[in-house]
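Just below is one structure, and these are the notes that go with it.
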Amino acid sequence: MDFDFSADEKRFIEEVRAFLREQALLPDAADVMAPNRDSDSMLSDTPARRRFNREMAKRGYLGMSWPKEYGGSEKSGIYEYLLNEELARVGAPLIGKGIGIVGKTLIRHGSDKLKTEFLPQIRNAEIEFALGYSEPGAGSDLASLKLKAERSGDGWLFNGQKIWNTSAHFADWYWLAARTDTQVAKHKGISLFLVPMNQKGITVSAIHTLGEHRTNHVFLDNVWVHDDYRVGELNKGWTYISEALDFERFTIYPFSPLEAKLEQMWTHVKSTQRNGKPLTAVPEIRRQMARLVAQVETAKMLQRSVIFSASQGGVPTVEASMCKLYTTALSQRLANTMIDILGADGLLHKSWPDAPDGGKWEWLYRSSALETIGAGTSEIQKNIIARRGLGLPLTN
Amino acid sequence: MDLIFSEEQQMLRDMTRRLCEDFAPLTVLRQLEGTEPGYSDDFWKALIDAGMSGLTIADKDGGLGLGATEMMIVHEEFGRALAFSPHFVSSVLAAHLISTTGNTAQRQRWLPSIASGQSIVSIGSLEPQGGHELSDIQCSAKRTATGYRLSGTKHFVAYAARAHAAVILARVGTATDDVIALLVDLKSPGVSIQYQPNHAREAVYQVTLRDVDVSIEDALKDGQPMATEWQDAMYSGLIALAAQAVGGAERAHAMAVEYAKVREAFGKPIGSFQAVAHSLADVAVDIEGCRMLVRQAAWAKDRGYDFHRVAAIAKLQACEMYRRTAGVTIQVHGGIGFTNDADPQLFFRRAKHLQLLHWDSDYLEERIIEMVLQETSELSAHGANG
Ligand SMILES: Cc1cc2nc3c(=O)[nH]c(=O)nc-3n(C[C@H](O)[C@H](O)[C@H](O)COP(=O)(O)OP(=O)(O)OC[C@H]3O[C@@H](n4cnc5c(N)ncnc54)[C@H](O)[C@@H]3O)c2cc1C
């Protein structure tokens, strides 16, 4: 048994860290790396972010796990995971949507035309995608999505709406799931398409969130796209969506932000006094911190279990659900504990100059509310664990 | 036992609820959040016209002379509506302090005018990085020929931009309890105030005091340390705060229950999934327990019993419950719950404020333990004697 990463993996981690240290010195670094805002930088479009992504491409960090014929280096997915950990630690935009979901699905199922058109652009960080899955009536129950795609000439006509489509207001292309057959079981009538975001008939309207992020409501009114932009086989969309989720289990739950937050808590606890005593000497604080240390370590183990299974070629659906369930709730507990430790001043917003840690905790307390909802709610994760992991005859 | 409100109390509740619905709907809250003065003049005027600004102030001082139960009833409605106003800080907390520690001149100067809503008096207790212990009060009051010279910084002073004065807690000596309270005109030379952007987007301010001269006539309790009176005022205030938490939680929970009945996933209402139904049931238990705790605390105070312990328990439990309830409300709403346009976030942010701003959980737990240990040692002393 060996819990360590291999020598080459460790070397890679060091290499990425050196790269990020270099990037941190650039004048626009603050727009790319926002450790106090997690990977906030991912959710808005800035010249700095595009530049940073192109720099990542130049270093060969995009498409590491892709086959050589598409410009990849056929490395194990673990490198993409390690890269994301380091990006997440400094609050830089993660890789995943383009490289993982879109790229890997196209590699496996896309036509030659789509591969030729999109893969080089993805690898060179020239293109941004928005994922168009959720609808007002289809979130947890995604397969019940209704956005209609009907044949029209040599293409398709889309009508309906999508919601929660993060980055739709700046993305170039839309990765769109639509209903192509209403007569069959809900999972069997969905197809995937690529649609230019600036196509006639698409209206994007902002939704503002508790985390001070923007996401979007997207309306499609007679939007047309050529059949060439259908991804893979007709009505196989649900299979592709699920498969893509499996590729991504590797990379979507970086653990380093939790570790970094815990470190920042220590910095505060060690340097603050209460009633003339350092906080590290207050028994209640000591126990709270000890509990968090233990829980963060547990989160790390749950995540190692995902990576290990994936690196052995498995599909760690249940492990990933466990990891997501535990980690997201922990992240909320951690923010709450830290605000409680800070006391009233923990409530100060980042726009107050003396807000503790630049208002990080006040913000985190709000933004972490999303964690147990986005990308499959905690309730849905429990259903997966119960049904697929434990074989329980769950009904719904 | 009789847990039913009297007819007058029910009328008070209905009237307050109507005032909140008419003048402080959530649409108004959304306009007010993050702005100054941070409350609706119309709502405040409506409260004043109804006599609410003098709710618990004695008849002889120009108020309605009602008790803790009425205060609880009114604040439960404020909490339910998320209705912001200076009521808590001025008509409850400051009025209580002034009526228990003010001399005749001070009482005459302030109580009728707080009761009539002419004056708003705020409170400056918290300080930067400070907790709720008396020892955290560093703001200093130095004796001068005519009174005191105040220096220090206060945080989270509610409605300071509109307040005619604030009761500032300040230190006169090194012993923990060497804390006095001064009525400070916030327009005095040396006072500066600054809005502090915050989690609930309430109108709270940093008040900076630089060599502010305060007349001896504005010292409460004749300038004697008054830690006990301050704590007594806070224990009463806790009942109002806990009631706000219960009201807010009830409303948030009702929203979540309603949503669980109408929102469908997998072809049925999400309330038909036990994961959702059970978490709403858990919250219902929490709320019921806290509602009873708060009522008991108000009753104990009105009966003249020692109510500090039950008031502290009510505030501790109700604010933690409110926080959890608001989180569950967001969770049950799914993605919608995380948007600014939906209402759950309003309750979520308010809940954390209520928990931390006035005697947080740490502080309350300490007080509860002290009181329980005190009681048990008295009990065993009795046992030994008898
Ligand atoms: C900020 C943000 C960004 C997002 N980004 C994207 C994006 O880029 N692209 C995209 O397509 N989507 C995105 N999403 C959508 C997200 O994946 C959904 O919000 C999520 O899957 C939940 O769906 P819902 O909001 O419809 O909630 P619902 O499905 O309506 O759930 C409501 C409640 O019911 C519970 N529930 C539902 N079914 C069950 C069940 N069977 N058993 C027990 N409990 C159940 C849920 O757990 C939840 O508590 C985003 C969402 C947000 C808020």
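The values are calculated or read from the model by the stated rules, or taken from the named source; none is laboratory data. Here the structure is a predicted model, which means the values were calculated and not measured. All Cβ positions, glycine included, derive from the backbone under ideal geometry; neighbour counts span all protein chains shown.
One line per residue, one yes/no per condition, for (1) away from every other protein chain (no Cβ under 14 Å); (2) more than 16 Å from the ligand (Cβ to nearest atom); (3) in contact (Cβ under 8 Å) with a residue 12 or more places away in the chain:
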site: B:Val294; (1), (2), (3): yes, yes, yes
site: B:Ala297; (1), (2), (3): yes, yes, yes
site: B:Glu320; (1), (2), (3): no, yes, yes
site: B:Ala326; (1), (2), (3): no, no, yes
site: B:Gly337; (1), (2), (3): no, no, no
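Residues in the range A:162-171 include none that are surrounded by fewer than 17 Cβ atoms within 10 Å (Cβ to Cβ), modelled with pLDDT of 95 or more and not aromatic (Phe, Trp, Tyr). State yes or no: is A:Leu245 within 12 Å of the ligand (Cβ to nearest atom) and outside any strand (DSSP E or B)? Here the answer is yes, as A:Leu245 does meet what is asked. Of all residue pairs spaced 6 or more apart or on separate chains, none has beta-carbon atoms under 9 Å together with a first member in the range A:202-221 that is within 8 Å of chain B (Cβ to nearest Cβ) and farther than 24 Å from A:Lys360 by Cα and a second member that is near the ligand (Cβ under 9 Å from one of its atoms) and part of a loop (DSSP other than H, G, I, E, B). When B:Val204, B:Val262 are checked against the criterion of being at pLDDT 95 or above, away from the ligand (no atom under 16 Å from the Cβ) and within 14 Å of chain A (Cβ to nearest Cβ), a single residue qualifies: B:Val204.
Between A:Asp340, A:Asp354, the distinction of being part of a loop (DSSP other than H, G, I, E, B) and of a type in the set (D, E, K, R) belongs to A:Asp354 only. Could you check, for the range B:67-79, whether at least one of its residues is more than 15 Å from the chain's Cα centre (by Cα), closer than 26 Å to B:Arg349 by Cβ and surrounded by fewer than 23 Cβ atoms within 10 Å (Cβ to Cβ)? Taking every residue of the range B:67-79 in turn, none turns out to be more than 15 Å from the chain's Cα centre (by Cα), closer than 26 Å to B:Arg349 by Cβ and surrounded by fewer than 23 Cβ atoms within 10 Å (Cβ to Cβ). Residues in the range B:272-294 that are within 22 Å of the chain's Cα centre (by Cα) and under 17 Å from B:Gly327 (Cβ atoms): B:Asp286, B:Ile287, B:Cys290. Being under 22 Å from A:Leu370 (Cβ atoms) and more than 13 Å from the ligand (Cβ to nearest atom): is that true of A:Ile95 here? Answer is yes for this residue.
Screening the range A:102-200 for strands (runs of 3 or more DSSP E) wholly inside it with 1 or more residues that are away from the ligand (no atom under 16 Å from the Cβ) returns the ranges A:148-152, A:155-163, A:190-196.
For the residues B:His278, B:His199, the requirement of being over 23 Å from B:Leu134 (Cα atoms), buried (at least 21 other Cβ atoms within 10 Å of the Cβ) and not hydrophobic (A, V, I, L, M, F, W, C) singles out B:His199. If only residues of the range B:102-125 that are in a loop (DSSP other than H, G, I, E, B) and closer than 15 Å to B:Ala233 by Cβ are counted, the one that is nearest to the other protein chains (Cβ to nearest Cβ) is B:Ser125. In the condition set (1) within 9 Å of the ligand (Cβ to nearest atom); (2) among the acidic types (Asp, Glu); (3) at positive phi, A:Glu379 is compliant with all but (3). Evaluated against (1) surrounded by fewer than 24 Cβ atoms within 10 Å (Cβ to Cβ); (2) more than 16 Å from the ligand (Cβ to nearest atom), B:Ala243 falls short on exactly one condition, (1). Pairs are defined by a Cβ separation below 9 Å, a sequence spacing of at least 6 or placement on different chains, a first member in the range A:33-58 that is buried (at least 21 other Cβ atoms within 10 Å of the Cβ), and a second member that is modelled with pLDDT under 70; the pairs so defined are A:Met33/A:Ser41; A:Arg49/A:Ser41; A:Arg49/A:Met42; A:Phe52/A:Ser41. Here B:Leu356, B:Leu364 are screened, and the one residue that is within 7 Å of chain A (Cβ to nearest Cβ) and closer than 14 Å to B:Ala245 by Cβ is B:Leu356.
Looking only at residues in the range A:222-242 that are within 15 Å of the ligand (Cβ to nearest atom) and over 18 Å from the mean Cα position of the chain (by Cα), the one that is farthest from the other protein chains (Cβ to nearest Cβ) is A:Gly237.
Within the range B:46-61, how many residues are among the β-branched types (Val, Ile, Thr) and within 12 Å of B:Val92 (Cα to Cα)? Looking only at that region, the number is 2. Scan the range A:361-387 for residues that are within 24 Å of A:Ala260 (Cα to Cα), part of a helix (DSSP H, G or I), facing another protein chain (nearest Cβ under 9 Å) and without any contact (Cβ under 8 Å) to a residue 40 or more places away in the chain and the total you get is 2. Within the set B:Ala300, B:Ala311, the sole residue that is of a type in the set (A, V, I, L, M, F, W, C), in a helix (DSSP H, G or I), surrounded by fewer than 20 Cβ atoms within 10 Å (Cβ to Cβ) and touching a helix residue (DSSP H, G or I) at 6+ places or on another chain (Cβ under 6 Å) turns out to be B:Ala300.
For the range A:201-215, the set of residues classified as in contact with a Lys or Arg (Cβ under 8 Å, 6 or more places away or on another chain) and either more than 10 Å from the ligand (Cβ to nearest atom) or in a strand (DSSP E or B) (or both) consists of A:Ala206, A:Ile207, A:His208, A:Glu212, listed by residue number. The residues listed here are B:Ser99, B:Ser90; of these, the one that is of a type in the set (Gly, Ala, Ser), more than 14 Å from chain A (Cβ to nearest Cβ) and surrounded by fewer than 24 Cβ atoms within 10 Å (Cβ to Cβ) is B:Ser99. Checking B:Thr329, B:Thr376 one by one, the residue that is of a type in the set (Ser, Thr, Tyr) and closer than 30 Å to A:Arg214 by Cα is B:Thr329 and no other. Quick one: how many residues across the range A:59-94 are surrounded by fewer than 22 Cβ atoms within 10 Å (Cβ to Cβ), within 17 Å of A:Leu106 (Cβ to Cβ) and among the small types (Gly, Ala, Ser)? Number satisfying all stated conditions: 3. Selection of the range B:137-157 for residues being part of a strand (DSSP E or B) and within 30 Å of A:His349 (Cβ to Cβ) yields B:Ser140, B:Leu150, B:Ser151, B:Gly152, B:Thr153, B:Lys154, B:His155, B:Phe156, B:Val157. Restricting A:Thr395, A:Thr328 to those that are within 14 Å of chain B (Cβ to nearest Cβ), assigned to a helix (DSSP H, G or I) and closer than 20 Å to B:Val332 by Cα reduces the list to A:Thr328. For beta carbons closer than 6 Å, sequence separation of 6+ or different chains, a first residue in the range A:164-189 that is away from every other protein chain (no Cβ under 14 Å) and a second that is of a type in the set (Ser, Thr, Tyr) and within 11 Å of the ligand (Cβ to nearest atom), the qualifying pairs are A:Ala177/A:Tyr133.
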